[in-house]
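Down below is the structure, laid out as structure tokens.
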Amino acid sequence: MTDHVNNTTTTNGHIQDKLVQDSITNNQNISAQVKAGQTTAASANSVNNNDFTHVEELPIGTPQGQQTTMPNANATNTQSSTINNAAQATTQTTKQTLFNQRDDINNPHTPETDGHEETHFGYQTVNKAEKQARVADVFTSVAKKYDIMNDLMSFGIHRLWKRYAISLSGVRAGQQVLDIAGGTGDLAKVFSREVGRNGKVVLSDINAAMLEVGRERLINAGCNNVDFVLANAETLAPFDDNSFDLLTISFGLRNVTDKDAALKSMYRVLKPGGRLLILEFSKPVFEPLSKAYDLYSFTALPMMGKLVANDSESYKYLAESIRMHPDQQTLKQMMEQAGFENCDYHNLTAGIVAVHRGFKA
């Protein structure tokens, strides 16, 4: 009996060691490609065969009928000259603060409303009032390299995750779709095609830098049925009740300060019978994979961030934020508490990612 246990333990150890070694080997290969400039070339060759493409040099302009809710230039320049004091006080002195105040739109968390109530920013504990600014700093820093980093970090698998989420959307021609925290527009680009000329897609994000990358990318793709709106996921203030047939949020919910408030706002703006899809990192269900994934996340991701985006700290935060996000069952319960019905979830890649789905009665 003892020999059997020892053999089992040894086998599990070999599996875990192999997963870790494979992760490290893959990371080394990718790092070498990045240095040689091979990754960019390979991506360019596959553009025509993929729904999710990298940002290129894009023309300036907005197709007729396409609306953008953005601050005017004078207001933006005035706001950009003032750096958020809370973010500046907590940002490392070796890293320039990139936070733009126009990203702090409709922040419901202030010292007056929340006092000294705390929440997590990765593994750090911060006041609720300052988390939004610190998250904005991260995504302003990574916006221009966001797409290529997604390919590198996930070995391209994020494209399959997104396609699976889209397959669960039930989106049809003529529908109204809101893609929350849509960033560079991966899902919005596909939904634009699916809803057709009589439909409408709104790409929203709280971060102006990310939204601008998505705007340029979708304009270049000829998506003239897409609007672009700066919006806070916790309030979704620009949108009326019962406005959308479908809401999606892809790899964005974990960065929201108050997830319960965001889920309630999503319920509010959905039409009766509409559905919500949440694509987000979750908890691996296979323990050896979980340990290898941890090793990869906390060693390879910051290293790639430094190599490609010259920003290791932001990718360290992203890895930490994944670990702090609720697990599959907890998020399902949160959706039900917000009012959604028939909630379920689908684990992808052994639970590294999950798609949660819920409906408004």
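Annotations for the structure displayed:
- Taking region 296-361 and the helices (runs of 4 or more DSSP H) fully enclosed by it, the elements with 2 or more residues that are in contact (Cβ under 8 Å) with a residue 60 or more places away in the chain and among the charged types (D, E, K, R) are at 312-324.
- Residue in region 302-320 that is crowded, with 18+ Cβ neighbours inside 10 Å, more than 30 Å from GLU117 (Cβ to Cβ), among the β-branched types (Val, Ile, Thr) and at pLDDT below 95 present: yes
- Per the conditions (1) touching a helix residue (DSSP H, G or I) at 6+ places or on another chain (Cβ under 6 Å); (2) on the phi > 0 side of the Ramachandran plot; (3) not in a loop (DSSP other than H, G, I, E, B), the sole criterion not satisfied by LEU236 is (3).
- For region 239-251, the set of residues classified as open to solvent by 10 Å² or more (accessible area, probe 1.4 Å) and not aromatic (Phe, Trp, Tyr) consists of ASP240, ASP241, ASN242, SER243, ASP245, SER250, listed by residue number.
- Selection from region 167-205 of residues that are within 17 Å of ALA354 (Cβ to Cβ) and modelled with pLDDT under 95: ALA181
- Residue count for region 152-175, restricted to those that are surrounded by fewer than 19 Cβ atoms within 10 Å (Cβ to Cβ) and of a type outside the set (Phe, Trp, Tyr): 12
- All positions within region 260-287 that are open to solvent by 20 Å² or more (accessible area, probe 1.4 Å) and outside any strand (DSSP E or B): ASP260, ALA261, LYS264, TYR267, ARG268, LYS283, PRO284, VAL285, PHE286, GLU287
- Pairs, first farther than 17 Å from ILE249 by Cα and open to solvent by less than 10 Å² (accessible area, probe 1.4 Å) in region 211-238, second acidic (Asp, Glu) and assigned to a loop (DSSP other than H, G, I, E, B), C-beta under 8 Å, six or more apart: none
- For the condition closer than 22 Å to PRO272 by Cα and of a type outside the set (A, V, I, L, M, F, W, C), ASP205 does not qualify.
- Count of region 196-210 residues which are more than 30 Å from ASP258 (Cβ to Cβ) and open to solvent by less than 10 Å² (accessible area, probe 1.4 Å): 1
- Reported count of residues in region 322-347, each being farther than 30 Å from GLY273 by Cβ and crowded, with 19+ Cβ neighbours inside 10 Å, is 1.
- Looking across region 120-166 at every residue that is under 15 Å from the mean Cα position of the chain (by Cα) and of a type in the set (Ser, Thr, Tyr), the one that is modelled with the lowest pLDDT is identified as SER141.
The values are calculated or read from the model by the stated rules, or taken from the named source; none is laboratory data. As the structure is a computational prediction, the values presented were derived from the model and not from experiment. Using ideal geometry, Cβ is built from the backbone for each residue, glycine included, and neighbour counts are taken over all protein chains shown. Please note that ligands, DNA and RNA were not included when accessible areas were found on the heavy atoms of the full protein model with its side chains. Shrake-Rupley method; radii C 1.70, N 1.55, O 1.52, S 1.80 Å.
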